[in-house]
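Below is one structure, written out as structure tokens; comments come after it.
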Amino acid sequence: MSERIARADWHNHLRTYCMREGDLERAVDRARNALGEGGMLGVVNFADARYETLTKQNCSYERQDFENAVYFPQFDLLLVKGEEIATAQGHLLVLGTRSNNLPKHFMSLEDTMKWARDNNGIAIADHPFSWQGLGEHLRNNPEALSQLDGIEVYNSEAEFSFFGRYRGANEKAMEFYCEVAPKFQQLGALASSDGHSFREIGKSWTEMEVPSYKDLRCAEDVVEAMRQGLASTRKLARFSTRSGAFGALAHMLTLAPYAAFHSIKSSLTSRTEI
């Protein structure tokens, strides 16, 4: 397979920006403008099916569907599936698994990484020193690093610091990666947006050496291309990083009413049961 350098932003959620007809084309348009030819965009579920909701939409662009990705040859853009999983020790980003196999949340990190391996997924410690990150657990249990494929060394939304909490999370992530990478040489490095809107797609990205997407024939080929790209970051180490602090704040403010509603609902349910 021929290889080239491409930009990858593997960690995006889009939240409600995947439910309206036309959102798939909007995501593709934003990704091709932000990432360019050969770009790779990750759309990540979180205890839901937003990737599936988005990719099932009708689209006027030519497309080639796999069980874990959609290729748009007109723009040479690959949209890949991800799962952010809440483990008992913190969040784990798993990429490339098939859409018919959803993970369980709140299992141990060990069991979740086994699920990732059993399903040919790529396991990455995302925002390791920010909210619900695995950083301290990995520092105290370094043997777990042998089961990971990569570490997210920059997360745009991790630049948001709530009254100083998690300040310097990205600097800590990069320092930790540089500390452990010589011993755990399978680990790649990733910079991601972790955005929840179209405008945040491509805010941060990683340069990777990837094969031509035109040669992809099945879901396994997609994962192999991603693994090759992640492995190349060990020698390339080239990232574009921009803060997503305002996006993180907007995300929190959007979620606040939902959190309050569910808290009140839970309280009322408890009183009724009493």
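When the residues of segment 45-60 are filtered to those that are part of a loop (DSSP other than H, G, I, E, B), over 21 Å from HIS91 (Cβ atoms) and out of contact with any helix residue (DSSP H, G or I) (no Cβ under 6 Å at 6 or more places or on another chain), the one that is modelled with the lowest pLDDT is ASN58. Here GLN185, GLN147 are screened, and the one residue that is closer than 19 Å to ARG117 by Cβ, in contact with a strand residue (DSSP E or B) (Cβ under 8 Å, 6 or more places away or on another chain) and surrounded by fewer than 18 Cβ atoms within 10 Å (Cβ to Cβ) is GLN147. Of GLU136, GLU110, all but one fail to be free of Cβ contacts under 8 Å to residues at least 12 places away in the same chain and either among the acidic types (Asp, Glu) or on the phi > 0 side of the Ramachandran plot (or both); the exception is GLU136.
Being of a type in the set (Lys, Arg) and surrounded by 15 or more Cβ atoms within 10 Å (Cβ to Cβ) is the requirement here; does LYS81 meet it? Yes: the conditions hold for LYS81. The conditions of being closer than 22 Å to THR206 by Cβ and not hydrophobic (A, V, I, L, M, F, W, C) are not met by THR87.
Scoring ASN100 on the criteria (1) surrounded by fewer than 20 Cβ atoms within 10 Å (Cβ to Cβ); (2) in a loop (DSSP other than H, G, I, E, B); (3) at pLDDT 95 or above leaves a single failure, condition (3). Of the residues making up segment 16-67, those that are acidic (Asp, Glu), in contact (Cβ under 8 Å) with a residue 24 or more places away in the chain and over 20 Å from ALA219 (Cα atoms) are GLU21, ASP23, GLU25, GLU37.
The values are calculated or read from the model by the stated rules, or taken from the named source; none is laboratory data. Note that the coordinates shown come from a computational prediction; the quantities given were computed from them, not determined experimentally. No Cβ is skipped: glycine too gets one built from the backbone with ideal geometry, and neighbour counts run over all protein chains shown.
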